[in-house]
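The structure appears below as structure tokens.
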Amino acid sequence: MNALRIFCLGFCAAVLVVGSVGCGDKTVDDALTSDANGYLCKKCSAKFYLDRKFFPNRCPECKTPNYELVLGFVCPVDKHVTYAGKGRGSHACEQCGKVTSAILIPRAADLKAWGATKKTAAEVLGN
Ligand SMILES: [Zn+2]
Ligand SMILES: [Zn+2]
């Protein structure tokens, strides 16, 4: 759990840097005030999200730890947001194919619209 927290702090700092370069203060505030954490399972493609105070230990569907945090990648041309796991570097816009230029942290409503299902801590904290 400590390692996860340290990871999260480093990650938030990275988003802050990216956000302040690309978008100005308002976007940074918005990007850092999400009410949820979204995840994509790399094994079974399950999309799920949790209250921001929880961190999963496993995918709620296939019970493996092969999930990654989901971020929104913002297209500079049409402002379309492509949601994807954060692990693969830069992403192309799913709408026009341009390389996305900014990152945002999706909120619960965004994750729900994307197709993610809200899970409880009990469903993702297996042991
Ligand atoms: Zn899974
Ligand atoms: Zn686009």
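The values are calculated or read from the model by the stated rules, or taken from the named source; none is laboratory data. On a predicted model such as this, the values are computed, not experimentally measured, just so you know. For neighbour counting, all protein chains shown are included, and Cβ atoms are generated from backbone atoms with ideal geometry for every residue, glycine included.
Hey, residue 1 hits all of (1) within 21 Å of residue 124 (Cβ to Cβ); (2) at pLDDT 95 or above; (3) of a type in the set (A, V, I, L, M) but one; which does it fall short on?
(2)
Only one of (1) touching a strand residue (DSSP E or B) at 6+ places or on another chain (Cβ under 9 Å); (2) within 16 Å of residue 121 (Cα to Cα) fails for residue 63. Which number is that?
(1)
Exactly one of these conditions fails for residue 83: (1) within 19 Å of residue 125 (Cα to Cα); (2) among the hydroxyl-bearing types (Ser, Thr, Tyr); (3) buried (at least 19 other Cβ atoms within 10 Å of the Cβ). Give me its number.
(1)
Touching a residue at least 40 places away in the same chain (Cβ under 8 Å), surrounded by fewer than 14 Cβ atoms within 10 Å (Cβ to Cβ) and not small (Gly, Ala, Ser): does that describe residue 117?
yes
Cβ-Cβ under 6 Å, sequence separation 6+ or interchain: first residue in the range 69-86 and small (Gly, Ala, Ser), partner within 13 Å of ligand 2 (Cβ to nearest atom) and assigned to a strand (DSSP E or B). Which pairs?
Note: pairs meeting the criteria are 72/81.
Go through the range 54-88 and count every residue that is at positive phi and within 16 Å of ligand 1 (Cβ to nearest atom).
Residues in the range 54-88 being at positive phi and within 16 Å of ligand 1 (Cβ to nearest atom): 1 in total.
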